[in-house]
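Peer 1: Please see the structure below; I have some questions.
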Amino acid sequence: MRLTDEQIAHFHREGYLFLPELFDAEEVALLRREAEAIYANQRPEVWRERSGAPRTAFAAHLYNDAFAALARHPRMINPIEQVFGEQLYMHQFKVNAKSAFTGDVWQWHQDYGTWARDDGMPEPRAMNIAVFLDEVMHINGPLMLVPRSHTEGTLAAQHDVTTTSYPLWTLDEPTVTRLVERGGIVTPIGKPGGLLMFHGNLVHGSAGNITPFPRKIVYLTLNAVSNYIRTPTRAEYIAHRDFSPIIPADDGALLALARRREAAE
Ligand code: SIN
Ligand code: MN
């Protein structure tokens, strides 16, 4: 799969690109089931909200074969290689739960702020990919993006270790207000299987989920191989140290796995 010139221009101008229903229902149903099974486990990679509900599961591609197949999926790897013009490795992989009734907020932030400060990533040449595992609606805590905010470079941020169970470099209200006055806020929504890619400096966040509808999203951070992290401080399961290039799998690998599982059940 290749992006059109128009799609690439949209990404550079707005800081994001949304490809609805890129993965089909069978592929996503497998990932959704596997995510739920992972959240049911007690392991260091599974972080919880203060309520005890799952918040995020790190590095699932290293211990689950369905997420391993997603991590090498050519529908995602090829377009990002096209944008960066080089091979990629997985910097971070997490499956965010945003659980029904209890999913907590993600405050306004830029991801590259964390990758630079905590991991020593030289440039914002890593792409954030969100793959929707549940339907993302306006009511269940969709990701909110501030278009064009990626053009501001890395903004001053405070390390917030109190608001949620997840430490985050967050932006102050005057900064967010200024950027939103210029660019507005967009909330890409849609069926499971949608893929959203966004720039490491794009300002984003999400509200809590008080609906009965969970909003699971897989977030992959694909870093250009030459941009490997120089001074990591976080656990290896959060900021990976294997910088070898990802070799894309066959386009049908995830679907084939889903069908093998179905046949075995
Ligand atoms: C993130 O920004 O890393 C996660 C945001 C979300 O899942 O809503
Ligand atoms: Mn983020």
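Peer 1: Within the set of pairs 6+ apart or on separate chains, which have a first residue in the range 168-181 that is touching a residue at least 12 places away in the same chain (Cβ under 8 Å), a second that is part of a strand (DSSP E or B) and of a type in the set (D, E, K, R), and C-beta atoms under 7 Å apart?
Peer 2: Pairs found: Leu168/Asp160; Thr170/Asp160.
Peer 1: Of (1) more than 30 Å from Ala40 (Cα to Cα); (2) at pLDDT 95 or above, Gly113 satisfies all except one. Which?
Peer 2: (2)
Peer 1: Looking at Gln92, is it crowded, with 21+ Cβ neighbours inside 10 Å and at pLDDT 95 or above? Even if it seems obvious, please write down each step before you answer.
Peer 2: Values: crowded, with 21+ Cβ neighbours inside 10 Å: yes; at pLDDT 95 or above: yes.
Here the answer is yes, as Gln92 does meet what is asked.
Peer 1: Also, quick follow-up: What residue, among those in the range 53-98 that are of a type in the set (S, T, N, Q), under 19 Å from Pro192 (Cβ atoms) and within 16 Å of the chain's Cα centre (by Cα), is nearest to ligand 1 (Cβ to nearest atom)?
Peer 2: Asn96
Peer 1: Then there is this: Tell me, please, whether a residue that is of a type outside the set (D, E, K, R), in contact (Cβ under 8 Å) with a residue 24 or more places away in the chain and farther than 30 Å from Ala53 by Cβ can be found in the range 202-211.
Peer 2: Scanning the range 202-211, I find no residue that is of a type outside the set (D, E, K, R), in contact (Cβ under 8 Å) with a residue 24 or more places away in the chain and farther than 30 Å from Ala53 by Cβ, so the answer is no.
Peer 1: Which of the residues that make up the range 96-131 are more than 12 Å from ligand 2 (Cβ to nearest atom) and assigned to a strand (DSSP E or B)?
Peer 2: Gly103, Met127, Val131
Peer 1: If you go through the range 160-189, how many residues are part of a loop (DSSP other than H, G, I, E, B) and either hydrophobic (A, V, I, L, M, F, W, C) or at pLDDT 95 or above (or both)?
Peer 2: Qualifying residue count, the range 160-189: 8.
The values are calculated or read from the model by the stated rules, or taken from the named source; none is laboratory data. Predicted, not measured: the structure shown is a model, and the values here were computed from it. Note that we place each Cβ from the backbone using ideal geometry, even for glycine, and neighbour counts take in every protein chain shown.
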